[in-house]
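Novice: Structure below; questions to follow.
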Amino acid sequence: MLHPSYTDLMEVVNSGVEEGEEKVVNSRYSIVLATAKRARQIISGSEPIVTPKCPKPLSIAIDELYQSKVKIVSDDEDK
């Protein structure tokens, strides 16, 4: 079993959203895409933002997301 779980990650990512606003992440798919993108950045040479507990890039990306060190933004916000 993965720790943190998808539901834990979704709660962390959506924690800053106020009542009535649209959630940042609505599905597990969004979490998977975000962590995979960050893992590819780490593989390409980006420095991890957290102290890695595990040397695997995907585990590092999940830890960064869970500790709120990285933020998921939509394509509209990115531009």
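Novice: Could you please state, rounded to a whole Å, how far the C-alpha centre of the stretch 1-42 is from the C-alpha centre of the stretch 47-67?
Specialist: When both Cα centres are located, 14 Å separates them.
Novice: Let me ask you something else. Let me have the 222 nm mean residue ellipticity of the chain computed from DSSP H runs of 4+ only, each contributing -39500 (n - 2.57), with the sum over all residues rounded to the nearest 500.
Specialist: One gets -14000 deg cm²/dmol as the mean residue ellipticity at 222 nm.
Novice: Once you have a ≥ b ≥ c as the square roots of the Cα gyration tensor eigenvalues for the stretch 27-72, tell me rounded if a/c is under 1.5, and otherwise prolate or oblate according to whether a/b is larger than b/c.
Specialist: Note, shape of the stretch 27-72 comes out prolate.
Novice: Please find, in a Gaussian network model of the chain (springs between Cα atoms separated by less than 10 Å), the residue of Ile42, Ile62, Ile31 whose mean-square fluctuation is greatest.
Specialist: Answer for the Gaussian network model of the chain: Ile42.
Novice: If exposed means no more than 14 neighbouring beta carbons inside 10 Å and the site is in a DSSP loop, what's the longest run of the chain without any exposed GluC sites (Glu not before Pro)?
Specialist: Here the longest run is 23-79.
Novice: For the stretch 5-79, which chymotrypsin sites (Phe, Trp or Tyr not before Pro) pass both filters: DSSP loop (anything but H, G, I, E, B) and at most 12 other C-beta atoms within 10 Å?
Specialist: Qualifying residues, ordered by number: none.
Novice: Give me the count of lysine pairs in the chain whose alpha carbons sit under 23 angstrom apart, restricted to pairs 8 or more positions apart or on different chains.
Specialist: For the chain, the number of qualifying lysine pairs is 15.
Novice: Want the number for His3 to Val32: 0.36 nm per residue separation, take away the alpha-carbon distance, what's left?
Specialist: Here the segment from His3 to Val32 would lengthen by 9.1 nm.
Novice: How much length, in nm to one decimal, is gained on full extension between Glu21 and Ile49, taken as 0.36 nm per residue of separation minus their Cα-Cα distance?
Specialist: Here the answer is 7.2 nm.
Laboratory data are not the source of any read-out in this text; all were calculated from the coordinates shown. If you're wondering where the values come from, they're calculated on a predicted model, not measured in any experiment. Neighbour counts are summed over all protein chains in view; Cβ atoms, including those assigned to glycine, are modelled from backbone coordinates with ideal geometry.
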